[in-house]
Amino acid sequence: MRTARNSKIMHRSDTSRAESAATKELSARSSSAVVDAPSWTARAKPNGISTVPTHSVRPGEERRAYTRAKLSLPLRVKRIAGQKEQKQQVLRTTNISSSGVLFLCPRFIEPGTPIEIEVCLVNRPLGRGSVKMRTQAHVVRAEPASRSGWHALAVCFDDITFQREEPLPSRFQPQ
């Protein structure tokens with residue numbers, strides 16, 4: 001019985017040897033048949049895109065929902081936790097979006113504190129045609145700034161209203 005099994009195994013190995021030899025011969029023929037590489041393989045490889053438009057690709061580590069604009073606009077803190085701010089000095093925004101603003105402040109305000117701020121979006125002479133944004137907001141982040149004694153405050157807008165100064169009526173304008 002062992003010899004019968006061995007003969008079957010031997011027969012199988014003989015056929016697999018013949019198939020592998022045929023495969024090797026066929027691959028050798030096909031490789032020798034292609035003499036020249038196709039022209040498309042010899043083309044220059046693209047170097048890539050030198051610059052990527054920022055409006056089409058967002059930075060990888062960006063977690064904000066809305067894009068921030070780096071604008072330095074005049075800003076005043078009107079109220080902190082419902083209390084009117086006594087010293088309303090003019091501060092400047094670092095960046096702003098439709099959902100929040102980052103600005104430097106000499107006073108530390110705890111994250112979560114509600115505040116009221118006023119940002120001057122358009123400033124015209126004599127206040128005519130000026131646009132100010134008044135907003136109820138809350139502080140989401142407070143970090144020490146590079147400037148000694150100052151803090152970088154990230155604020156999220158809760159409620160926004162705009163105050164527009166209308167231009168002088170035509171009857172008061174010089175003719």
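Would you please give the residues with an amide H less than 5 Å from that of W150, counting only those at least 5 places away or on a separate chain, with H modeled from the backbone geometry?
A145
Could I have the simple spin-label model distance between R164 and Q136, label points 7 Å from Cα toward Cβ, reported in nm to one decimal?
2.4 nm
Within a 10 angstrom radius of the beta carbon, how do F108, F157 rank from fewest other beta carbons to most?
Placing the least packed residue first, the sequence is F108, F157.
Among I115, I80, which comes first, second and so on when ranked by fewest other beta-carbon atoms within 10 Å?
Working: I115 21, I80 18.
Fewest-to-most Cβ neighbours within 10 Å comes out as I80, I115.
Indicate the gyration tensor shape class of the stretch 77-175 (rounded, prolate or oblate), computed on the Cα atoms with a ≥ b ≥ c the square roots of the eigenvalues: a/c under 1.5 is rounded; otherwise a/b larger than b/c is prolate and the rest oblate.
Here the stretch 77-175 falls in the prolate category.
Read-outs: derived from the displayed coordinates by stated rules, not from any lab. Since the model is a prediction, treat every value here as computed from it, not as a measurement. With ideal geometry, Cβ positions are generated from the backbone for all residues, glycine too; neighbour counts draw on all protein chains shown.
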